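Let me begin by presenting the structure, written as structure tokens, before commenting on it.
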Amino acid sequence: MMSYSTAPRRLLLAGALFGAFTFAAAAQQPASPPAAGATPAAAPLPPGSPLIGRPDSEAAAKLAPVAPPPIPAAPDKLPLAKLKLPPGFNLEVYAAGMANARSLAEGDKGTVFVGSRLVDKVYGIVNKDGKRSVKVIASGLYRPNGVAFKNGTLYIAELSKVSKIDKIEDNLDSPPKPTMIYDNLPKDEAHGWKFIAIGPDNKLYVPVGQPGNNVLHDDAHGQIRRMNLDGTGAEVYALGVRNSVGFDWNPENKQMYFTDNGRDWLSESVPEDELNRVTKMGEDFGAPYCWQGNIIDQELGWGKNCKDYTAPVGLMGPHTAALGMRFYTGNMFPKSYKNAIFIARHGSWNKSKKEGGDVVVVKLNKDGTVKSMEPFMTGFLEDNKYVGRPVDVMVAKDGSLLVSDDWNGAVYRITYGKPKVAAQ
Amino acid sequence: MRKIITALAFASIAFSAGAETIEERAVTCFACHGEHGQSETENTPSLGGQQAPYALIQLFMFREKLRTFEPMNETAKSFTDDDLRAFSDFIATLPKPAPPADAGDPARMARGQALAHQYLCNNCHNPDFSGKENVPRIANQREDYLAKTLAEYKDNSRHGYDGTMADVMGSVTKEQIADLAYYIARFR
């Protein structure tokens with residue numbers, strides 16, 4: 001299925017579970033040195049380089065991280081007509097014009113807060129007298145991807161600090177500046193942006209990603225921490241986490257589930273992104289040694305065994321960038337969706353034929369393992385290009401599902417049943 | 001610096017006039033960035049042949065002060081979204097900068113070439129460094145600007161739109177930056 005013309009320097013057959021992953025993943029450098037006669041051969045990449053593992057093939061050289069347009073799409077330019085849902089579901093634009101709209105959180109009074117990664121703003125979609133409007137809640141922030149809400153307070157996670165604004169919904173017209181509550185965080189750009197959420201234990205959960213694609217790191221990275229809502233009492237809750245950008249708690253038994261993005265450049269088909277379940281504090285999910293529960297990393301996994309790590313409960317597809325996820329706890333959708341997990345797959349870049357770019361629904365067995373995964377919202381990919389990219393999902397109080405799209409700077413609303421006037 | 005101030009003074013005149021063609025408005029850009037896309041001002045990039053999506057991102061970042069350089073922040077302050085698009089599309093149509101007449105010291109060129117392969121610059125910027133989409137053309141960019149930019153990405157004093165270049169530059173040394181800039185500026 002794959003033909004790579006260049007021979008890898010080292011061919012490491014680490015636990016040959018997958019024939020497909022024995023190719024050039026370990027070629028740390030171009031196998032053929034630069035053409036010019038006097039040119040010295042390229043030295044190996046230094047440890048920690050994000051480019052380690054990239055095979056020296058033409059197809060691989062075409063792949064680069066995808067960046068969204070900076071200017072949000074005008075409401076009439078949104079790809080609404082291209083997006084597909086199962087029969088009986090309806091789609092509308094909830095709000096638009098929010099550059100790089102990412103994580104979602106709903107306030108007690110119905111304000112929907114929206115974080116961003118590539119701009120400096122947190123937005124608020126305000127519902128007033130049946131009309132929705134977008135306000136800038138905070139600006140001048142650095143990669144403020146994460147938002148969470150509890151008891152009147154908005155929590156915001158920037159690249160390397162968490163802050164809060166009390167009584168935010170009473171001050172939407174002139175919100176005070178956020179107050180920092182926690183900044184004992186690394187400042188790495190790679191996987192430094194944060195999704196945050198507040199658990200049923202009333203603690204704030206804050207992930208710290210691996211500082212690169214495939215790297216050994218110190219004990220301040222590759223984990224999910226939790227802390228009190230004032231930023232005190234921080235502790236490591238889960239280990240071996242490469243880059244989680246979404247989590248939620250099973251309403252049945254309060255267990256935490258989180259998505260995690262697998263490494264790049266291993267192959268087109270593996271590793272798959274993970275859906276993980278934490279059954280006890282301190283569990284290790286394997287990164288950067290073991291991927292998707294059964295692939296030992298060919299560079300870093302020597303002397304390690306996948307048996308020593310907690311395997312994922314579900315595989316989310318290779319490079320699909322499974323990000324935001326929420327259990328469906330609303331009453332609007334059919335019964336079969338009760339307590340199912342909606343997961344936004346932002347979509348791949350590290351893959352010739354893009355995959356993901358959708359919202360899937362994962363249904364669980366009684367024991368909390370994955371029963372099925374089906375497409376729910378599709379159409380973000382067209383001719384191997386994105387017309388939009390879903391980032392986060394949120395179950396609104398009325399049972400509708402909101403989906404953010406950072407490509408277009410918009411939030412969509414999904415309802416079930418006969419379309420009614422959306423405004424409440 | 002005087003050149004920049006002149007340009008700014010010019011800018012306030014040019015942009016208040018309104019109803020001008022993009023070519024007329026771009027005269028202001030040329031004051032610092034050079035006519036026909038090739039810059040002769042130190043530490044100031046050539047714009048010719050730049051990828052329109054990349055140029056749009058940079059102009060947006062200047063307007064939103066996500067990228068800090070006062071003359072450009074001032075210039076872009078009053079730009080509408082359509083202005084940003086018009087300028088970035090226009091920049092892409094300017095002729096790409098030419099390589100300097102001197103071919104460069106062969107030993108340094110070889111070192112630069114090896115480094116460009118080692119760090120896989122060609123992966124995103126293309127083998128001819130012409131860039132693609134949100135990834136900029138860097139071929140024959142000014143050497144001083146390339147060196148400055150790489151150093152700023154390394155210490156994260158220039159924030160990228162995303163963190164890719166900060167990530168890549170983590171392991172590149174200062175000496176290597178000089179050789180990379182030397183080579184890419186003279187690439188043929």
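In sequence order, what are the phi-derived ³J(HN,Hα) couplings for the range A:105-113 according to the Karplus relation 6.51 cos²θ - 1.76 cosθ + 1.60 with θ = phi - 60°, rounded to whole Hz, with x for glycine and proline?
Calculated HN-Hα couplings, in order: 8, 9, x, 4, 9, x, 5, 9, 8 Hz.
Which of A:V93, A:V206, A:V112 moves the most in a Gaussian network model of chain A with Cα springs under 10 Å?
Maximum among the listed residues: A:V93.
Taking a ≥ b ≥ c as the square roots of the Cα gyration tensor eigenvalues, with a/c under 1.5 meaning rounded and otherwise prolate when a/b beats b/c, else oblate, which class fits the range B:65-188? Could the numbers behind the result be given before it?
On the way: a/c = 2.00, a/b = 1.47, b/c = 1.36.
Judged from the Cα gyration tensor, the range B:65-188 comes out prolate (a/c at least 1.5, a/b above b/c).
Taking the alpha-carbon distance from A:K418 and a cut-off under 17 Å, which lysines remain once sequence neighbours fewer than 8 residues away in the same chain are dropped?
Leaving aside lysines fewer than 8 places away in the same chain, those within reach of A:K418 are A:K84, A:K335.
Can you tell me the alpha carbon radius of gyration of the range A:151-287 divided by the globular rule-of-thumb value 2.2 N^0.38 Å?
Cα Rg divided by the expected 2.2 N^0.38 Å: 1.10.
By how many nm would the segment from A:N228 to A:K62 grow when fully extended, if each residue of separation counts as 0.36 nm and the alpha-carbon distance is taken off?
55.3 nm
How big is D, in µm² s⁻¹, for the range A:112-152 by Stokes-Einstein at 37 °C and 0.692 mPa s if Rh is the Kirkwood radius over C-alpha pairs?
Stokes-Einstein gives a translational diffusion coefficient of 303 µm²/s.
Among A:K353/B:K132; A:K187/A:K385; A:K167/A:K254; A:K187/B:K65; A:K62/B:K65, which pairs are too far apart, with a Cα-Cα distance over 22 Å?
Exceeds cut-off: A:K187/A:K385; A:K167/A:K254; A:K62/B:K65.
Could you state the orientation-averaged shadow area of the convex hull built on the Cα atoms of the range B:83-141, in nm² to one decimal?
If you wrap the Cα atoms of the range B:83-141 in a convex hull and average its projections, you get 4.8 nm².
Please build a GNM for chain A, connecting alpha carbons under 10 Å apart, and tell me which residue among A:D405, A:D297, A:D76 fluctuates the most.
Evaluated over chain A, the most mobile residue of the options is A:D76.
Is the C-alpha gyration tensor of the protein assembly as shown telling us rounded, prolate or oblate? Criteria: a/c under 1.5 is rounded; beyond that, a/b larger than b/c is prolate, otherwise oblate.
It is oblate, given that a/c is not under 1.5 and a/b is not larger than b/c.
Karplus couplings for the range A:130-146 from phi (6.51 cos²θ - 1.76 cosθ + 1.60, θ = phi - 60°), rounded to Hz, Gly and Pro as x?
x, 10, 9, 9, 9, 10, 8, 7, 8, 9, x, 8, 10, 6, x, 6, x
Spin-label point model (7 Å from Cα, Cβ direction): what's the A:K150 to B:D128 distance in nm?
5.6 nm
To two decimal places, what compactness ratio does the range A:60-184 give when its Cα radius of gyration is scaled by 2.2 N^0.38 Å?
For the range A:60-184, the normalised Cα radius of gyration is 1.17.
Tell me, what ³J(HN,Hα) does each residue in the range B:28-45 have, in order and in whole Hz, if you take phi through Karplus 6.51 cos²θ - 1.76 cosθ + 1.60 with θ = phi - 60° and put x for Gly and Pro?
For the range B:28-45, the Karplus curve yields 4, 4, 5, 3, 9, 8, x, 6, 6, x, 10, 7, 10, 9, 4, 6, 10, x Hz.
Could you check the spin-label model distance between A:A220 and A:S336? Points 7 Å from the Cα along Cα→Cβ, value in nm.
Modelled inter-label distance: 4.9 nm.
Taking the C-alpha atoms of the range B:119-175, how large are the radius of gyration and the largest Cα-Cα span, Dmax, in Å?
Cα-based Rg and Dmax for the range B:119-175 come out at 10.9, 29 Å.
Over the Cα atoms of the range B:37-103, each weighted equally, I'd like the Debye log10 I(q)/I(0) at q = 0.14 Å⁻¹, rounded to two decimals.
For the requested q values the scattering log ratios are -0.44.
Around A:Y237, which amide H atoms from residues at least 5 apart in sequence, or from another chain, sit under 5 Å from its own amide H, with H modelled in the peptide plane?
It is A:I224, A:R225, A:R226, by chain and number.
Out of A:A344, A:A287, A:A96, any idea which swings most in a Gaussian network model of chain A, alpha carbons joined below 10 Å?
Among A:A344, A:A287, A:A96, the largest mean-square fluctuation in the Gaussian network model of chain A belongs to A:A96.
Going by amide H atoms built from the backbone, whose H comes under 5 Å of the H on A:I137, apart from near neighbours?
When sequence neighbours closer than 5 places are left aside, the close amide H contacts are A:V122, A:Y123, A:G124.
Once amide H atoms are placed 1.01 Å from N in the peptide plane, what residues at a sequence separation of 5 or more from B:S46, or on another chain, have their amide H within under 5 Å of its amide H?
Amide H to amide H, under 5 Å and 5 or more residues apart or across chains, B:S46 pairs with B:S39, B:R142.
How would you classify the range A:274-424 from its alpha-carbon gyration tensor, with a ≥ b ≥ c the square roots of the eigenvalues: rounded for a/c under 1.5, else prolate if a/b is greater than b/c, otherwise oblate?
It is oblate, given that a/c is not under 1.5 and a/b is not larger than b/c.
The numbers here are math on the coordinates, done by the rules we state, and not lab data. Everything quoted here is computed from the prediction, not taken from an experiment. Counting neighbours? That spans all protein chains shown, and the Cβs are built from the backbone with ideal geometry, glycine included.
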